[in-house]
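Worksheet: one structure, shown below.
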Amino acid sequence: WQENLAPGAVILRGYATEYVPALFDMIMALSKAAPFRHLRTPSGHTMSVGMTNCGDLGWISDELGYRYTPTDPETGQLWPPMPALLRQLAEDASSAAGYSGFNPDACLINRYYPGSRLTLHQDKNERDMSQPIVSVSLGLPAMFLFGGLTREQTCKRFPLTQGDVMVWGGPSRLNYHGVMPLKDAIPPSPAQESVRYNLTFRRVSAI
Ligand code: MD3
Ligand code: FE
């Protein structure tokens, strides 16, 4: 089911539901090769969200700033390749939302434990702003904040649950957004731990 949040921004509710077990397995395997870590922001704060990446480029932050790198600074190795299923899911979701030919080269994996949050920010480190961003929610529900083109604009908030996929492009590509501190809750499947994962697919380098 499709909800339009803003021009160019679409939520596909439950779009990834059938892939949830496979996605959890992939996150476990990927995070063995490239462990989750808490990055430092340029202002010296440590992020409460744990992060890792797969694909040709991975998003990192340190005292020098935000950027994409081909290798994991923790291990010195290339980021693990993006599994074909992940790439396909991102491409299918973007075409379902009206963007054809999405070809992501980066997948950021965010891990939220209860209390973890993502403060309001813009995603503007990608060279090719004509490509959308696709995000997939897994595990515990979260309250997503969606603002305007300035930090001051009031945010709309909407809940994201396991299997929801968001596609952002066009006019909403540079909108401020964030995630409220994760509330502890009963996981959607009793076998899961109290955690939320979010996969964010991006095209970083020019095609
Ligand atoms: C809205 N992650 O990693 S991506 C991020 O739930 C990030 O972890 C969120 O924001 C999370 O940068 C969700 C959703 C998203 C991504 C890009 C956007 C929303 C966006 C660009 C413009 C507007
Ligand atoms: Fe973001």
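Here, each number is a calculation from the coordinates, and none is a lab measurement. Just so it is clear, the model here is predicted, and its values are computed rather than measured. Every residue, glycine among them, receives a Cβ derived from its backbone with ideal geometry; neighbour counts consider all protein chains shown.
Within the stretch 40-127, which GluC sites (Glu not before Pro) sit in a loop by DSSP and count at most 16 neighbouring Cβ atoms inside 10 Å?
Listed in order of number, the matching sites are 63, 74.
Go through 136-142, 26-32, 193-199, 154-160 and give me the packing order, highest mean Cβ count within 10 Å leading. Intermediate results must be reported in sequence, preceding the final value.
Details: 136-142: 23.7, 26-32: 15.9, 193-199: 19.1, 154-160: 14.1.
In descending order of packing, they fall as 136-142, 193-199, 26-32, 154-160.
Can I get the semi-axes of the stretch 25-139's equivalent ellipsoid? Compute them from the C-alpha gyration tensor as square roots of 5 times the eigenvalues, in angstrom, largest first. It would help to have the intermediate numbers written out before the result.
Values: eigenvalues 101, 56, 46 Å².
For the stretch 25-139, the ellipsoid semi-axes come out as 22, 17, 15 Å.
For the stretch 107-195, what does the relative contact order come out to in percent, with C-alpha contacts under 8 Å and a separation of six or more?
42
When a/c reaches 1.5 or more, the comparison of a/b and b/c decides; with that in mind, is the stretch 1-89 rounded, prolate or oblate per its Cα gyration tensor? Could you put the intermediate results ahead of the total?
On the way: a/c = 2.18, a/b = 1.37, b/c = 1.58.
It is oblate, given that a/c is not under 1.5 and a/b is not larger than b/c.
Does the chain come out rounded, prolate or oblate by the C-alpha gyration tensor, with a ≥ b ≥ c the root eigenvalues, rounded set by a/c under 1.5 and, if not, prolate when a/b is larger than b/c and oblate if not?
Details: a/c = 1.12, a/b = 1.06, b/c = 1.06.
Since a/c stays below 1.5, the shape of the chain is classed as rounded.
Under 24 Å between alpha carbons, and skipping anything fewer than 8 positions from residue 183 in its own chain: which lysines qualify?
156
Need one number: % antiparallel among DSSP beta bridges in the stretch 1-117, to the nearest 5.
On the way: 18 of 19 bridges.
Bridges in the stretch 1-117 are about 95 percent antiparallel.
Rounded, prolate or oblate for the stretch 97-207? Axes are the square roots of the Cα gyration tensor eigenvalues, ordered a ≥ b ≥ c, and the cut-off for rounded is a/c under 1.5. Don't jump to the answer; show the numbers that get you there.
Working: a/c = 2.18, a/b = 1.43, b/c = 1.52.
Oblate, because a/c is 1.5 or more while a/b does not exceed b/c.
May I ask you to derive the relative contact order of the chain, considering only C-alpha pairs under 8 Å and at least 6 residues apart, and to give it as an integer percent?
Working: 489 pairs, mean separation 54.0, N = 207.
Result for the chain is 26 percent.
Per q in 0.17, 0.21, 0.24 1/Å, what log10 I(q)/I(0) does a Debye calculation on the alpha-carbon atoms of the stretch 124-187 return?
Listed by q, the Debye log ratios stand at -0.67, -0.94, -1.11.
Run the quick spin-label model on residue 193 and residue 77: label points 7 Å from Cα toward the beta carbon, then report their separation in nm to one decimal.
With each label point 7 Å from Cα toward Cβ, the separation is 2.0 nm.
How big is the gap, in Å, between the Cα center of the stretch 83-102 and the Cα center of the stretch 1-79?
17
Could you check what % of the DSSP bridge pairs in the stretch 46-187 are antiparallel, to the nearest 5? Write out the running numbers ahead of the final one.
Working: 26 of 27 bridges.
Counting DSSP beta bridges with both partners in the stretch 46-187, the antiparallel share is about 95 percent.
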